[in-house]
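> Right, I'll just put the structure down here and ask away after.
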Amino acid sequence: MVLYKPTSEDVEEIKRINGWQGVEQNDYISTMLPLIFDHVKTECNNDFGHMEDVPPEIPSGVKIYIAKVIEFNSNKMGVKSRKMGSVSYSYDVEFPNSMDRYIRPYRRLRFRAQR
């Protein structure tokens, strides 16, 4: 299995979707993008045309899902509660179910043999 290698255009597109500017997130996005895309491929039972020498055709809904997961993992969306006096943070570590709507149209059925 070969992990997807994001291009600089892919990283810039994720930053635009999330409304980010600057280069401080580039390394994080470059690291997370192939991992989340691999998760999406497994979740959807769909390889999106990705092969060793062929870059995948990532649909727009999947790109939005990947961008939102990256934003969630960077704890901007994952903060459940915050307290300023004596500093207390609480994070929600589960992805919201509402994010699944972006990848739902790309899911393929899995058939299992019964005995």
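> Quick one: in region 19-41, of everything that is of a type in the set (Phe, Trp, Tyr) and within 14 Å of the chain's Cα centre (by Cα), which residue is nearest to PHE95 (Cα to Cα)?
Filtering first and then ranking leaves PHE37.
> Let me ask something else. Out of curiosity, is VAL11 out of contact with any strand residue (DSSP E or B) (no Cβ under 6 Å at 6 or more places or on another chain), among the β-branched types (Val, Ile, Thr), part of a helix (DSSP H, G or I) and on the phi < 0 side of the Ramachandran plot?
yes
> Collect the residues in region 48-63 that are over 14 Å from ILE103 (Cα atoms) and small (Gly, Ala, Ser), keeping them in residue-number order.
Listed by number, the list holds a single entry, GLY49.
> Might you check whether a residue that is surrounded by fewer than 18 Cβ atoms within 10 Å (Cβ to Cβ), closer than 19 Å to ASN97 by Cβ and hydrophobic (A, V, I, L, M, F, W, C) occurs anywhere in region 19-28?
No.
> For GLU12, which of the numbered conditions (1) within 12 Å of the chain's Cα centre (by Cα); (2) within 14 Å of ILE70 (Cα to Cα) fails to hold?
For GLU12, the failing item is (1).
> Another one. All but one of (1) modelled with pLDDT of 90 or more; (2) surrounded by 12 or more Cβ atoms within 10 Å (Cβ to Cβ) hold for HIS50, so report the exception by its number.
(1)
> Could you tell me whether any residue of region 34-47 is under 20 Å from SER74 (Cβ atoms), at pLDDT 90 or above, in contact with a Lys or Arg (Cβ under 9 Å, 6 or more places away or on another chain) and assigned to a helix (DSSP H, G or I)?
yes
The values are calculated or read from the model by the stated rules, or taken from the named source; none is laboratory data. These numbers were taken from a predicted model, which means no experiment stands behind them. Positions of Cβ are generated from backbone atoms using ideal geometry, with glycine treated the same way; all protein chains shown enter the neighbour counts.
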